[in-house]
Structures are given as C-alpha cells and as structure tokens.
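Beneath this line is the structure, given in structure tokens, with notes to follow.
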Amino acid sequence: MNHDTREAWLTEGINALRPHFQDAGGDKPGRRGEHDYTVPENVRVTCGWPSKGALARKNQRIGECWSDHASKGKMFEMFISPSLAAPDEVLAVLTHEIVHATVGLKAKHGKLFKRCALAVGLVGKMRATTAGPELAKALDKIAAQLGPYPHQELQGMTTGEKKQGTRLIKAECDVCGYTVRVTRKWLDAAGAPLCPTPDCDQHGQPLTVAEQEGT
C-alpha cells in the first residue's frame, strides 16, 4: 500500500493501532474489558513541528497531542515531528500520542497514562517512551502494511547557510589590512565598522565583513 501524503499514512497508522489498544484494555469478545482503551474517533494527525523545540534539538519534542477542548473542530490534534522519518520510530511516537488522546490530556504522564502506555507496549520514561519488544514487532507489521512513509527527515529550523563559528565576526580593510571583530548584533544594527586609518585610501569606508568565516 502506498500513500501520497504523510497525513494519509499517519491516519491509516492510527486506524491500524485501534485494535491493539482495545486488546490492551482487555476489550475482547466474550469478556468485559478491564480498562477502556478505545481510541477516540475525533483524532486528526499531521507531520509538523510541535509547539516547542524546532530550534533546539536537544529539547525538541518529537510528538504532541492537543486536547479536543482546544480545537474549534473538537478534534484531538496530533503532530509528529518532521525530524522523524523511520516508520517504526514514527509509529512508536504516534502510539505515545494516541495514549494521550485515549486517556485524556488531563492525565498528563501520570498513573492513567502510564497504565495505558505499558499495556500497549511502550517502555521507558513516560515523557520519552519507546516501543518494547512486543510492540516493536506489531509496529513492524503495521509499517509493512502501510508501505513507505512519504517523508524525508527535516532537520531543525535553518536557512541552510553556514553558521558563524564564533560570536565575533571578522571585518577587514581590503587596502591597509586594518582588522577588527564585531558581533552580529552590531553588524545588523549599525552596519560594518569604518576604516579608521588616516592615510588609507579606504579611510572612512565600511570594512569588508567575513560572513562565512568559521573561527
């Protein structure tokens, strides 16, 4: 099965996980479920940056679920970070966000969340769960059914330009060689410094800024 959009792939992933959640709650034919882990119908998912962390990868959230009370459409809105591209990892994060929608956002990462998370096979710290062995097998099967995840990894917010390796940027006179270092803040605010050498042909003219210097 091939999907043209990331949203279609992720939505199908939620549907494929619904029976897994029901089984984890004990909701099987012939007996009453110990816990109701029925995934809500009013869920919507997309590939997009969560509300925090797009700039600082070490603090980056890789998934997020918003309460249906925050949505004018009364939907649980889930976001899966574009920094993820491996199907098994994407599905593991999706599972974590589904737990939030299933037990309610008020539960945060507390007892109710933990009970459901462990039941469906998530392990580790509740704020940063991973798929346990059994869940990993189930997610591998789901990934195979879904086909390729139509997305390539997107790194943290960047313009693609080489970053300055120091806070001080070199500015130099092309004629006399006068050199000074200045912060990006002042370059943006006041422009490049002027050559101060009295007998230089470029006296009073802006120095050349080494924009791409890395040291």
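The values are calculated or read from the model by the stated rules, or taken from the named source; none is laboratory data. Worth saying up front: this structure is predicted, and the values here are computed from it rather than measured. In this analysis, Cβ positions are derived from the backbone assuming ideal geometry, glycine residues included, and neighbour counts consider all displayed protein chains.
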Query raised in the report: Restricting attention to segment 1-17, which residues are surrounded by 16 or more Cβ atoms within 10 Å (Cβ to Cβ) and part of a helix (DSSP H, G or I)?
Result: R6, E7, W9, L10, T11, E12, G13, I14, A16, L17
**Report entry** Top-ranked residue in segment 133-156 [being surrounded by 11 or more Cβ atoms within 10 Å (Cβ to Cβ) and modelled with pLDDT under 95; ranked as nearest to W9 (Cα to Cα)]
**Finding:** L154
Query raised in the report: Quick one: how many residues across segment 170-192 are in a loop (DSSP other than H, G, I, E, B) and not hydroxyl-bearing (S, T, Y)?
Result: 7
Query raised in the report: Out of K58, K52, K28, which single residue is at pLDDT below 95 and part of a helix (DSSP H, G or I)?
Result: K58
Report summary line: Restricting segment 110-132 to residues that are small (G, A, S) and in a loop (DSSP other than H, G, I, E, B), the one surrounded by the most Cβ atoms within 10 Å (Cβ to Cβ) turns out to be G121
Query raised in the report: Just to be sure, is L207 crowded, with 16+ Cβ neighbours inside 10 Å, within 30 Å of D36 (Cα to Cα) and either out of contact with any helix residue (DSSP H, G or I) (no Cβ under 8 Å at 6 or more places or on another chain) or modelled with pLDDT of 90 or more (or both)?
Result: no
Query raised in the report: So how many residues does segment 81-109 have that are assigned to a helix (DSSP H, G or I) and buried (at least 20 other Cβ atoms within 10 Å of the Cβ)?
Result: 15
Query raised in the report: Inside segment 173-191, can you point out the residues that are farther than 16 Å from T208 by Cβ and either surrounded by 13 or more Cβ atoms within 10 Å (Cβ to Cβ) or among the polar types (S, T, N, Q) (or both)?
Result: T183
